[in-house]
Amino acid sequence: MKRVVITGMGIWSCLGTSIEEVKDSLYNGKSGIGIEEDRLKYGYQSALTGIVKKPVLKGLIDRHLRRGLSEEAEYAFMASSEAFRMAGIDESYLDANEVGCIFGNDSSAKPVIEAAKIMDEKHDTELLGQSFIFQAMNSTVTMNLSTIFRLKGANFTISAACASGSHSIGLAYMLIRNGLQDVVLCGGAQETNLYSMASFDALGAFSKNMDNPAEASRPFDRDRDGLVPSGGAAALILEDYDHAIARGATIIAEVTGYGFSSNGTSVISQPSDEGCLRAMKRAMEDAGVTASDIDYINAHATSTKQGDMFEAMAIDKLFRGEHALVSSTKSMTGHECWMAGASEVVYSIIMMQNNFVAPNINLKNRDEFSEHLNLAAETVDTEINTVLSNSFGFGGTNSALVIKKFV
């Protein structure tokens, strides 16, 4: 089996649009959550959301190609461009080599709704033009990135709810480990427009603490009242170790384990501690590590009672009495949904590189299920060598990744 390393990463999120900016937000516990008043006018119960900067693509991408980009694909282009730069991969390399593209994305609401509005009003498909189809498909991110960067390798999208970004990294890792690809661009992307989360808002799952947006997302806290939607994109360059060394790339981390499971329950939105546990165990066994080897756990914890509870139970079963610090970066970002599993790997690597654990902000009163977890309520300056990153989603899909400092 080949070693799989990370040679580049990029991020476009409510915490910032560069690695350095995101590092500062993570270290200082700075929330990226705010209010979008238009959501209330549209009919949402909550106006809370992660505030993500809109990319300016003019001058970066040809106008013809820009027309086919969905919002999440725009974010993904920006994150991917940064990841390629960090990896030292330019156009000449991409033209001469086979690079794969796997992204997590599980919906593209805005172009579907806008196209439907035109049809309802005009009843004429010719008025839709040619761009809606390329924006509306779940594969909008991979089809656009593969076209813009002229990629020649694996090209597909992972739709696995809020574990999509994590599974994309896991599958890229498996392709490289088994010798099927040398380099894969992978990650996750999530649109943030007001159309994107209306059906989620209908579940009553969102926090309504609109008076204090920065305090609205409260993973593991007894007084939480729901999650906060967010989005953007995160991208990573995964590479065969020998290939990376041969081309003189700088290696920033190593993927050593991937675990997955399904809950096997009969309720589509019901989390499961046993499902979480199986994914974590499988990732750790794949990596050849034990609980005592893990320094930091980036929890999926979204700030909902059930989700936080079942994950806390699973982590407690594996890690009670161990030294691993735990935090949910969603306390600062909100729930980045389809991108979360990828962005949280980027956040974890930033912590690893800079020797700190980001805080689980807004943790004032732990709930009863997290009382035995080694939660970091404040920033902790400490060396991190091995990270476990958890991602779980509707339908019982679970993913866990083990990332190691490269030595």
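Since every read-out is calculated from the coordinates, none of them should be taken as a lab result. Just so it is clear, the structure is predicted and the values come from calculations on it, not from any experiment. Note: ideal-geometry Cβ built from the backbone for every residue, glycine included; neighbour counts use all protein chains shown.
Computed from Cα atoms alone, the Kirkwood hydrodynamic radius reported for the chain is 20.9 Å.
Which loop-located chymotrypsin sites (Phe, Trp or Tyr not before Pro) does region 145-240 contain, where loop means any DSSP state but H, G, I, E or B and the Cβ has at most 10 other Cβ atoms within 10 Å? Each step should come with its number before you reach the end.
Values: sites: Phe149, Phe156, Tyr173, Tyr195, Phe200, Phe206, Phe220; in loops: Phe149, Tyr195, Phe220.
Nothing satisfies the criteria.
Volume per residue of the convex hull around the Cα atoms, evaluated for region 262-305, comes out as 90 Å³.
Normalised radius of gyration (Cα atoms, divided by 2.2 N^0.38 Å) for region 177-238: 1.62. Checking every one of the trypsin sites (Lys or Arg not before Pro) in region 303-353 against DSSP loop status and a limit of 12 other Cβ atoms within 10 Å picks out Arg320.
Short-range pairs are left out: with C-alpha atoms under 8 Å and at least six residues apart, the relative contact order of the chain is 24 percent. The Cα atoms of region 238-396 define a convex hull whose projected area, averaged across directions, is 9.6 nm².
Computed from backbone phi, the HN-Hα couplings of region 102-116 come to 10, 10, x, 7, 10, 5, 8, 6, 4, x, 5, 5, 5, 5, 5 Hz, rounded to whole numbers (Karplus: 6.51 cos²θ - 1.76 cosθ + 1.60, θ = phi - 60°; Gly and Pro given as x).
Can you sort Trp338, Trp12 by how many other beta carbons sit within 10 Å, fewest first? Please report the intermediate quantities before stating the final value.
Working: Trp338 33, Trp12 29.
Ranking Trp338, Trp12 by Cβ neighbours within 10 Å, fewest first, gives Trp12, Trp338.
How high is the relative contact order of region 257-404, given as a whole-number percent (alpha carbon pairs under 8 Å, six or more residues apart)? Kindly include the intermediate steps, with their values, before the conclusion.
On the way: 311 pairs, mean separation 53.5, N = 148.
The value is 36 percent.
Of all segments of the chain bounded by GluC sites (Glu not before Pro) found in a DSSP loop with no more than 14 other C-beta atoms within 10 Å, the longest spans 99-367.
Straight-line cross-link reach from Lys58 at under 29 Å between alpha-carbon atoms covers these lysines, not counting any fewer than eight positions away in the same chain: Lys23, Lys110, Lys117, Lys152.
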